[in-house]
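J.: Provided herewith is a single structure, encoded as structure tokens, for subsequent inquiry.
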């Protein structure tokens, strides 16, 4: 990592601070009472009294104009504003100079009035929790602002009286009238509403309309909107619920893998409080890594991704966790057949420091005998939130999640009970994610918001082969990052978001290690093949501008600059055209040997057709330098290697073009959207036949890369019929690849190719205490390669394939239902509890993981044969999930 | 709900289940020749088979007659002639051990097609007799002809990072036992293959996809053979396992054709191996 890359963000910070401090003189007082003087004289008197310099052109400013001027106890800034008002001119501060200039006539042909800024935070009145994505709507200008990830908003308007309508899902809308004649800091505290789900939907709908149109490609899920999502073993699952969003397809049952607009499964950036989570799965993928209660908000971007959030090709899933209650201690308990969750939050220092902690663990092992190898997972979230003062706030987030599978260890506790205490090392495997984030919000002014983020993230997968010698196989990806974000709210029509990020990565693409008794790890002693570990650095610079043009058009554009480099210590192999190693280069510590730069622009243009509809066209380029090497077609988490771009693996990039139409009726109970897109995906990774990816120093020789193309048409409609709310989406898409060395260099459908995808969500709530809901999912099955013949080799029946992905599994279909009953008589009580009954796949539809042709039907099972001359016949067999899974869970919130 | 019922639901939910399905495969019009040629250092009539692929895995593949087959080692050329009793089987013109350290070149002419492969024999080290054990858990029995049945776990480790790669063929024969005198060939014989390779694949460790274990009675004659495997042969065997025994589990991988050393578009493999053998009777 280069030193300048580390320093650069702080240069940004320093420049910002300098500009802030250099204008301190504006706070000095000026006391003058001048009558019947020329403007020239008045300017001179102010200059002397305040010790500031004015610059202006006599040709442009009527300096002979006779005016009266009074500035009793006014600050310099206020005196200048008063002077300009009298002369009907504009001004600009430049260091210690005050530049006077003619007033600009804006594009609408209306003279600019003097402008002031309203800024502040939107919070939950009860808990003090900041509200992300709250809308501050101002009917007078038919425009407004939306709070950012840290609950901050800023809007600059001409002097006047305005009605402000502040809304957020799950809260009562707040109306406030404001006389705007100076800069105002105003925090809004919203009261939680005891609402029904259909009401949530209406507010969500209003909120969407009140948002600036530039964020149409973002879908936000808040805790309240999560309630209506499907249940997985009784739990609301954020990652699995992404399947309900048009353009996002799940791999299938028991999987956290998903594909966005024809992309691969490794092209989705999942952020937990800014830190990336590389494998968001528990229990092979039956559960995701995120405790539903810990989540405050999820923003999902599938196109037109903000430049500040780039890094992967197809989507960003930006998850923000709860900050913790600033005023009172509370908690949450959720009990279900497989997973239990316990959360606690409260103030450490009232209205100053809060905490939130959550622990979740599985207890599947309780249902099985001690001798049966079993899976176990747990995760732990901790967040501290420190409100230093009005302008500074610090957040600290820590997340740890871990899965283990193996033979369990039981021991006797102090009261003589046998308890599960861990896993025998030998033969066990597991994986874990850890992340740690520190964020510092700082307000340089009411228009300039900044956030400095440092995070560390670690993902590892390990297999413990041998206990006494400590022989383990491990793969790992680690990174650290420093990121400085700024948002400049110039006025009600223009915003800028800009910043820089430096990031370092460490990759262990899978090696066996020998743990020594002194704690050191030796690899060489085993005389095993060593896969070179890699280091890389990334520097990003980014800027976005949102601009409203006239009353109808919105323009948003920006860029993200990537500078990627790989550095030692490591070995790099050089391959010939036949992927045979011809040379090896060894690089020393910090020796940079590969560098690549990119600029990824984005542009979106939206047009308000009328009060109820608008259209949007967007283009963006995305770049990705991290690649998941996996030849697996399984829906489950397995050994998958993360590797960096480098001399043998080109970085991936994609260009996307999206055209959308959006409509909402006057009543707000009908919403419709339709989008078409085309994507060109470059340097898409696939593999040579039967790639050798594990413990292979030359694993890059198995990689092939080429071009991909995806196009689709996504439609969604939301309609409310009294207590029944429906959301329907119907999508058509195709995704193809052409890669040299794969499928005889001909086009083939990508794994993400799902020609159709239908989703229906229903929520019925007639009474506040009962919620009934469900969903219907139907989509094309996954492509796979089926044989076009068989032959015999030494007793084995071997398939022969003519084309890659020439066949398709049957359509995936599933119906889920759930029923929630709130158990309190009085819903105003602080302690609330409820019970939810849910059924996953109520029709018991058999959904295929795979179809196989190498297995035989035995008396009591279907297996591959060990005896190659057994009399049983080979059959076609399917592996999948085909049962209904009922669940019950009880939750208590206090 | 009873405790065991809950267990079953949870296991099924977490791992999934298998069922027989009717699946119509797309038949290719293209004629694909497969060649199964494994010559050893044993002094015997060496043989190979040439067939075409068939869409039904249970049908005997149609053998290819009228092929011209010859094996060249330095300046010696040995011709292979079709076996009149078995179409597709070609037998060497005389007995010979393929024990030369040099390259063997196999040439095949079938109609207008020409296929060629080159191989050589690696060395093979000695090995130990396999371990077997008597079954005490009757739930794994797949027949009830005898209550003294045996089985085994593995003959050899499937992974060695730098050690000797090898192929193990094991033949089990209990047809000579009086209580099995009237049983069919399939019910009195078993054959299994195992490999030790330098490569490691996760699907070979998939506990949800273990091959169906078989049993054999006391008195079974077991013949173990260990074959040497060169680098290219090992690459082929890895793909063979990936497409047969390891395939179809929880951690399934993308399907691909087997590696081959034949030029010209044929599938299969030409291997030359040195072999060692141990025979014993289960006691």
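The values are calculated or read from the model by the stated rules, or taken from the named source; none is laboratory data. Being a predicted model, the structure only gives us computed values, none of them experimental. Cβ placement follows ideal geometry from the backbone for every residue including glycine, while neighbour counts extend to all protein chains displayed.
J.: Within the stretch A:779-796, is even one residue in contact with a strand residue (DSSP E or B) (Cβ under 9 Å, 6 or more places away or on another chain) and more than 14 Å from chain B (Cβ to nearest Cβ)?
T.: Filtering the stretch A:779-796 down to residues in contact with a strand residue (DSSP E or B) (Cβ under 9 Å, 6 or more places away or on another chain) leaves A:779-796.
Now drop any that are not more than 14 Å from chain B (Cβ to nearest Cβ), which leaves A:779-780.
Yes, the conditions are met somewhere in the stretch A:779-796.
J.: If you go through the stretch A:466-509, how many residues are closer than 26 Å to residue A:560 by Cβ and part of a strand (DSSP E or B)?
T.: Residues meeting the conditions: 27.
J.: Check whether at least one residue in the stretch B:71-88 is assigned to a strand (DSSP E or B), within 30 Å of residue A:786 (Cα to Cα) and more than 10 Å from chain A (Cβ to nearest Cβ), and report yes or no. Let's see the steps before the verdict.
T.: At the first step, the residues of the stretch B:71-88 found to be assigned to a strand (DSSP E or B) are B:71-73, B:76-82.
Now drop any that are not within 30 Å of residue A:786 (Cα to Cα), which leaves none.
No, because not a single residue in the stretch B:71-88 is assigned to a strand (DSSP E or B), within 30 Å of residue A:786 (Cα to Cα) and more than 10 Å from chain A (Cβ to nearest Cβ).
J.: If you go through the stretch B:234-241 one residue at a time, do you hit one that is more than 21 Å from residue A:852 (Cα to Cα) and either touching a strand residue (DSSP E or B) at 6+ places or on another chain (Cβ under 6 Å) or more than 9 Å from every other protein chain (Cβ to nearest Cβ) (or both)? Quick ask: steps written out before the conclusion?
T.: Quick first cut of the stretch B:234-241, residues more than 21 Å from residue A:852 (Cα to Cα) only: B:234-235.
Among the residues that remain, those that are also either touching a strand residue (DSSP E or B) at 6+ places or on another chain (Cβ under 6 Å) or more than 9 Å from every other protein chain (Cβ to nearest Cβ) (or both) are: B:234.
Yes, because at least one residue in the stretch B:234-241 is more than 21 Å from residue A:852 (Cα to Cα) and either touching a strand residue (DSSP E or B) at 6+ places or on another chain (Cβ under 6 Å) or more than 9 Å from every other protein chain (Cβ to nearest Cβ) (or both).
J.: Against the condition at pLDDT 90 or above, assigned to a loop (DSSP other than H, G, I, E, B) and within 11 Å of another protein chain (Cβ to nearest Cβ), how does residue B:24 come out, does it pass?
T.: Details: at pLDDT 90 or above: yes; assigned to a loop (DSSP other than H, G, I, E, B): yes; within 11 Å of another protein chain (Cβ to nearest Cβ): yes.
Judged against the criteria, residue B:24 is a match.
J.: Here's something else I'd like to know. Given (1) surrounded by fewer than 24 Cβ atoms within 10 Å (Cβ to Cβ); (2) touching a residue at least 60 places away in the same chain (Cβ under 8 Å), identify the lone condition not met by residue A:289.
T.: Evaluating residue A:289 over (1) surrounded by fewer than 24 Cβ atoms within 10 Å (Cβ to Cβ); (2) touching a residue at least 60 places away in the same chain (Cβ under 8 Å) leaves (1) as the failure.
J.: Can you pull out every residue in the stretch A:875-892 that is touching a strand residue (DSSP E or B) at 6+ places or on another chain (Cβ under 6 Å), within 7 Å of chain B (Cβ to nearest Cβ) and surrounded by fewer than 21 Cβ atoms within 10 Å (Cβ to Cβ)?
T.: A:875, A:876
J.: Let me ask something else. With respect to residue A:723, is the statement that it is touching a residue at least 12 places away in the same chain (Cβ under 8 Å) and under 28 Å from residue B:55 (Cα atoms) true? If you could, list the steps in order and put the result at the bottom.
T.: Numbers: touching a residue at least 12 places away in the same chain (Cβ under 8 Å): yes; under 28 Å from residue B:55 (Cα atoms): no.
For residue A:723, the condition - touching a residue at least 12 places away in the same chain (Cβ under 8 Å) and under 28 Å from residue B:55 (Cα atoms) - is not met.
J.: Here is a list: A:430, A:406, A:369, A:401. Which entry is more than 21 Å from the chain's Cα centre (by Cα) and either buried (at least 19 other Cβ atoms within 10 Å of the Cβ) or modelled with pLDDT of 90 or more (or both)? Outline the logic, then answer.
T.: On the way: A:430 fails: either buried (at least 19 other Cβ atoms within 10 Å of the Cβ) or modelled with pLDDT of 90 or more (or both); A:369 fails: either buried (at least 19 other Cβ atoms within 10 Å of the Cβ) or modelled with pLDDT of 90 or more (or both); A:401 fails: more than 21 Å from the chain's Cα centre (by Cα).
It is A:406.
J.: Oh, and also: Which condition from (1) free of Cβ contacts under 8 Å to residues at least 40 places away in the same chain; (2) part of a loop (DSSP other than H, G, I, E, B) is the one that residue A:327 breaks?
T.: With (1) free of Cβ contacts under 8 Å to residues at least 40 places away in the same chain; (2) part of a loop (DSSP other than H, G, I, E, B) applied to residue A:327, the lone miss is (1).
J.: Now, a different point. Go through the stretch A:691-708 and report how many residues are in contact (Cβ under 8 Å) with a residue 60 or more places away in the chain and more than 14 Å from chain B (Cβ to nearest Cβ).
T.: 2
J.: Going through the stretch B:167-205 one residue at a time, which ones are more than 9 Å from chain A (Cβ to nearest Cβ), part of a loop (DSSP other than H, G, I, E, B), out of contact with any helix residue (DSSP H, G or I) (no Cβ under 6 Å at 6 or more places or on another chain) and in contact (Cβ under 8 Å) with a residue 40 or more places away in the chain?
T.: Listed by number, the residues that qualify are B:176, B:177.
J.: Another one. Can you find a residue that is in contact with a strand residue (DSSP E or B) (Cβ under 9 Å, 6 or more places away or on another chain), modelled with pLDDT of 95 or more and within 17 Å of residue B:247 (Cα to Cα) anywhere in the stretch A:833-852?
T.: Checking the stretch A:833-852: not a single residue is in contact with a strand residue (DSSP E or B) (Cβ under 9 Å, 6 or more places away or on another chain), modelled with pLDDT of 95 or more and within 17 Å of residue B:247 (Cα to Cα).
J.: Now a separate question. Restricting attention to the stretch B:214-242, which residues are within 16 Å of the chain's Cα centre (by Cα) and assigned to a strand (DSSP E or B)?
T.: Answer for the stretch B:214-242, where residues must be within 16 Å of the chain's Cα centre (by Cα) and assigned to a strand (DSSP E or B): B:223, B:224, B:225, B:226, B:227, B:228.
J.: Ok, one more. Check residue B:264 against each of (1) at the interface with another protein chain (Cβ under 7 Å from one of its Cβ atoms); (2) modelled with pLDDT of 90 or more; (3) in contact with a strand residue (DSSP E or B) (Cβ under 8 Å, 6 or more places away or on another chain) and name the one condition it does not meet.
T.: (1)
J.: Let me ask you something else. Could you list, in sequence order, all residues of the stretch A:723-776 that are closer than 19 Å to residue A:231 by Cβ and assigned to a loop (DSSP other than H, G, I, E, B)?
T.: If the condition is that a residue be closer than 19 Å to residue A:231 by Cβ and assigned to a loop (DSSP other than H, G, I, E, B), then A:765, A:769 are the ones that fit.
J.: Taking the stretch B:243-255 on its own, how many of its residues are under 12 Å from residue A:632 (Cα atoms) and either within 19 Å of the chain's Cα centre (by Cα) or assigned to a loop (DSSP other than H, G, I, E, B) (or both)? Walk me through it before giving the result.
T.: First, the residues of the stretch B:243-255 that are under 12 Å from residue A:632 (Cα atoms): B:247-255.
Next, from what is left, pick out any that are either within 19 Å of the chain's Cα centre (by Cα) or assigned to a loop (DSSP other than H, G, I, E, B) (or both): B:247-252, B:254-255.
Within the stretch B:243-255, residues that are under 12 Å from residue A:632 (Cα atoms) and either within 19 Å of the chain's Cα centre (by Cα) or assigned to a loop (DSSP other than H, G, I, E, B) (or both) number 8.
J.: What's the number of the condition residue A:239 fails, among (1) assigned to a helix (DSSP H, G or I); (2) at pLDDT 50 or above; (3) farther than 28 Å from residue A:751 by Cα; (4) in contact with a strand residue (DSSP E or B) (Cβ under 8 Å, 6 or more places away or on another chain)?
T.: That leaves (3) as the condition not met.
J.: So which residues in the stretch B:43-64 are more than 7 Å from chain A (Cβ to nearest Cβ) and either assigned to a strand (DSSP E or B) or in contact with a strand residue (DSSP E or B) (Cβ under 6 Å, 6 or more places away or on another chain) (or both)? First the steps, then the outcome.
T.: Going through the stretch B:43-64, the residues more than 7 Å from chain A (Cβ to nearest Cβ) turn out to be B:43-50, B:52, B:56, B:59-60, B:62-64.
Selection gives B:44, B:45, B:46, B:47, B:48, B:49, B:50, B:52, B:62, B:63, B:64.
J.: Just to confirm my filter: which strands (runs of 3 or more DSSP E) fall fully inside the stretch A:824-894 and include at least 1 residues that are touching a helix residue (DSSP H, G or I) at 6+ places or on another chain (Cβ under 6 Å)? Walk me through it before giving the result.
T.: Values: elements: A:832-840, A:847-857, A:874-881, A:885-893.
Fully inside the stretch A:824-894 and qualifying: A:885-893.
J.: Taking the condition surrounded by fewer than 18 Cβ atoms within 10 Å (Cβ to Cβ), facing chain B (nearest Cβ under 9 Å) and touching a strand residue (DSSP E or B) at 6+ places or on another chain (Cβ under 8 Å), does residue A:861 pass? Full working, then the answer.
T.: Numbers: surrounded by fewer than 18 Cβ atoms within 10 Å (Cβ to Cβ): yes; facing chain B (nearest Cβ under 9 Å): yes; touching a strand residue (DSSP E or B) at 6+ places or on another chain (Cβ under 8 Å): yes.
For residue A:861, the condition - surrounded by fewer than 18 Cβ atoms within 10 Å (Cβ to Cβ), facing chain B (nearest Cβ under 9 Å) and touching a strand residue (DSSP E or B) at 6+ places or on another chain (Cβ under 8 Å) - is met.
J.: Further, regarding this structure: Of everything in the stretch A:16-57, what is under 17 Å from residue A:100 (Cα atoms), modelled with pLDDT of 75 or more, in contact with a helix residue (DSSP H, G or I) (Cβ under 8 Å, 6 or more places away or on another chain) and not in a strand (DSSP E or B)? Give them in sequence order.
T.: A:39, A:42, A:43, A:46, A:50, A:51, A:52, A:56
J.: Of all residues in the stretch B:142-166, which are facing chain A (nearest Cβ under 10 Å), surrounded by 15 or more Cβ atoms within 10 Å (Cβ to Cβ) and at pLDDT 85 or above?
T.: B:151, B:152
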